[in-house]
Every structure is written in C-alpha cells, then in structure tokens.
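What follows is a single structure, written as structure tokens, with notes after it.
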Amino acid sequence: MDLNFSDKDLAFQHEVRTFIERELPDDIREKVANGYRLGREDYVRWQKILGPKGWLAPHWPKEYGGSELPAVQRYILGEELGRGHTPRLIAFGLRMVGPVIYTFGTAAQKEKYLPRILNSEDFWCQGYSEPGSGSDLASLQTRAVLKGDHYVINGTKTWTTMAQHADHMFCLTRTDPDVKFQEGISFMLIDMDQPGIEVRPIRTIDGSAEINTVYLTDVKVPVEDRIGEENKGWTYAKFLLGHERSGIARVGASKAQLRKLRDIAAKERAGDGYLIDDPDFSREIAQLEIDLSALEYTELRSLTGTAEGEAPGPEASLLKIRGTEIQQRLSELLMQTIGYYAMPYIPESLEYGWNEEPVGPEYAAPLAATYFNMRKTSIYGGTNEIQRNIIAKMVLGL
C-alpha cells in the first residue's frame, strides 16, 4: 500500500524495523510468532528495551515523558511492532490511565504515577465492569464512602484483565447513590497491594486465566488518589474509553497474521495444488485485505485528528468494531487452513518449550486456543453492539 511516506518517514521506518530485528529477544519473538503465552516478565523485558527510544508512549506529550511522534510515524511504529512479532504493549497504563492522569490529574498524581508507567515499574488493571454492570456500565454499584482523608470502597469488579499481575487499578466507584447514574461516579486510583483486595481468576474458553474477578472489602483510597472532581468520574471514564477503543483495532498485528495465513496456505495441500491457489480461499483472503486496507486508512484519519489535539471521537467505535471483526475472521481462516490438525485443544502447547510431540504441523497446535481467545475481542472495550449504538447516535443522529 502506497501511503506516500516522506524521506523522513521512510528513514524512521527503517530505524524502527532495524531496532526490532536487533533488539527483540529471540525467545520473545518466537513466543509471539507462534502464539505461546507470555508472562509479565516478557512484557516488562520488552517494554524496558523499547522505553529508552521514546516509543512506549509516542502519543504522550513530551513534558510528561512521551515523544509526541507525528501521526504518520505513530502509524509506522505500530505497523513495525506488529510486523516484528513484538509483544503488544500493555495498554492499561500507557493508553488508558496515563492519558487520564496527564489530562485531568493533579501535579502530584502526574509526578507519582507517570514515570512509573513509562519505566514499566507499575502494571495497571481496569476496574470498570461489574457482575451486574457490563454494557450498562453507568449502573455500577461499587461504593466509595468518604471517611475523613480517605474513601472506603466495597464492591466487585469482573473481567479484570491482568489483575493477577497488577500493582494498581483505575476504578470507577459510586460516590453518590441518590443522583442520576452518570452523575454519581468517581474515578479512583487503587493500590492493589493492601488488605481487602482479593483477586480470583476466571478460566476462559481457551484455557487461560488472564481475566479475574476482584473483590474489594473496606479498601482504603486516599482522597489524593481520586482523579478530578468527586462525582465527575463518568467524564474521565468516557475519555479513557475513547483511547482504549482506538487502540483495539491492531492493524499492524492483523497484517502480520495475514502474512502468517498466506505462508501457511502456501504449504497446505488442496487437491492437486496448494490452498493458496484455491479460488474460494483466495477470495476470502482478498476480502480480508480489502477490509484491512479500509480500516488502515480510517485509523490514519483518526490519528491525524488526535495529533491535532482532538480527543478520539465516534470513529474509535468504528475502529473497534471493524478491527475486532477482522481479528476474529483471521483466527477462523487460520483454523480452516490447517483443517482437522487445528481441532485438538492442547493447553500445554501454549507454553514455550513444551515437550509433547506435535500433532500435525508445528504451527497447528496453538491455533484452536487463539481462535477461542479471539471470541472475546467483540466484547471487551464495550461490546460491538454498544459501539453500533454509539455510531447510530453520534454519527447518524438516530
């Protein structure tokens, strides 16, 4: 695809690509390329390598430690990170709570939290959804009651990704139960290493336990760890969700998966030839390429807007919908490519260095778990059904 990069942008692309090829540890590259599980140490190790280049937070203002890369270079960086089979950057600190803190936080909050996010010293998790409040998030019931110089929080959060690794949680709490739902919510920063917090894993369909239920019982949060004004948390929550949804598209990672799909299809037999030559399968790939190209240009338009100081708008919902649909279709086609060799679900095959004899081609074993895991993408970050409602209201005026 010709995006008419300038010489400066092409030089930046070469710099990023060369850096990844040289600096990404081989074991991490192999884990990502083959769909093996990653631990906290893998993410931290790579982020500490990437951090000194200023590429962890290319969208952050320079005054807070970011690099303020131009929109096209941010696009290039994301492309090359996906192309190079690098671990996804943990978004909870970098893309979600970080921008909330530097936009709405106090000077003390910025000084306390932002450097630790950039240095990968702290992992964050997101305390939004509750057992009775998912798509209707504003109905949340976790209570925060002011007691002198701190709040006492009681409630339950669920589907909390990476809570088992997290040092802190950014959490929506109800501080006024007697007003309209959206008007009584406050945004809290919670230290996870304190009494009253229990993290209980939820086993997902792919056999992993990356999501959790978090129980909060008389948890204390100092007033200085509330973001912005009391009862104005819904404003900050919506701001954060815009940044989250615009980062879910993962165009670079999908393009890497598309190349993997083509490579496998070129090896798999179909009749007297190879699957890549089958007209029906080729049409499936062509349609994916078309949809991915359209998504790519939409993402670039969105990046251009945010580079000019605009907050992510309803286009973030479009990026979320189309990006996750493409991710799911890719995982489905990868399963179809391998056929019955992709059917067995072998949890151990997701662990780096597992010693079992492979069933069929070596790249087949992790595909079933990846397929199952990808079912969640249309749900997290606000279900795709809710995103369509947002588009209908904010774009179409319905």
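Figures for the structure shown
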| read-out | value |
| --- | --- |
| Tyr352 vs. criteria at pLDDT 65 or above and part of a loop (DSSP other than H, G, I, E, B) | yes |
| Flag if Thr161 is within 30 Å of Ala342 (Cα to Cα) and of a type in the set (Val, Ile, Thr) | yes |
| Pair list, Cβ under 9 Å, 6 or more apart: segment 286-307 residue within 16 Å of Ala253 (Cα to Cα) and outside the structural domain of Pro70 (by TED's automatic domain parsing), other residue surrounded by fewer than 16 Cβ atoms within 10 Å (Cβ to Cβ) and modelled with pLDDT under 85 | Ser293/Met1; Glu296/Met1; Glu296/Leu3; Tyr297/Met1; Tyr297/Leu3; Leu300/Leu3 |
| Counted residues, segment 66-110 - those being farther than 26 Å from Glu21 by Cβ, among the hydroxyl-bearing types (Ser, Thr, Tyr) and touching a residue at least 60 places away in the same chain (Cβ under 8 Å) | 2 |
| Residue satisfying all of: in segment 37-65; in contact (Cβ under 8 Å) with a residue 40 or more places away in the chain and small (Gly, Ala, Ser); surrounded by the fewest Cβ atoms within 10 Å (Cβ to Cβ) among these | Gly51 |
| From Arg174, Arg226, Arg203, residue being surrounded by fewer than 21 Cβ atoms within 10 Å (Cβ to Cβ) and within 19 Å of Ser129 (Cα to Cα) | Arg203 |
| Considering residues of segment 1-32 that are in a loop (DSSP other than H, G, I, E, B) and under 16 Å from Arg74 (Cβ atoms) only, the residue modelled with the highest pLDDT | Ser6 |
| Filter result (outside any helix (DSSP H, G or I), closer than 27 Å to Leu334 by Cα, at pLDDT 85 or above and touching a Pro at 6+ places or on another chain (Cβ under 7 Å)) within segment 33-92 | Leu38 |
| Verdict on Leu240 being touching a residue at least 24 places away in the same chain (Cβ under 8 Å) and farther than 30 Å from Tyr340 by Cβ | yes |
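The values are calculated or read from the model by the stated rules, or taken from the named source; none is laboratory data. Since this is a predicted model, take the numbers as computed values, not measurements. FYI the Cβ positions are ideal-geometry reconstructions off the backbone, even for glycines, and counts take in every protein chain you see.
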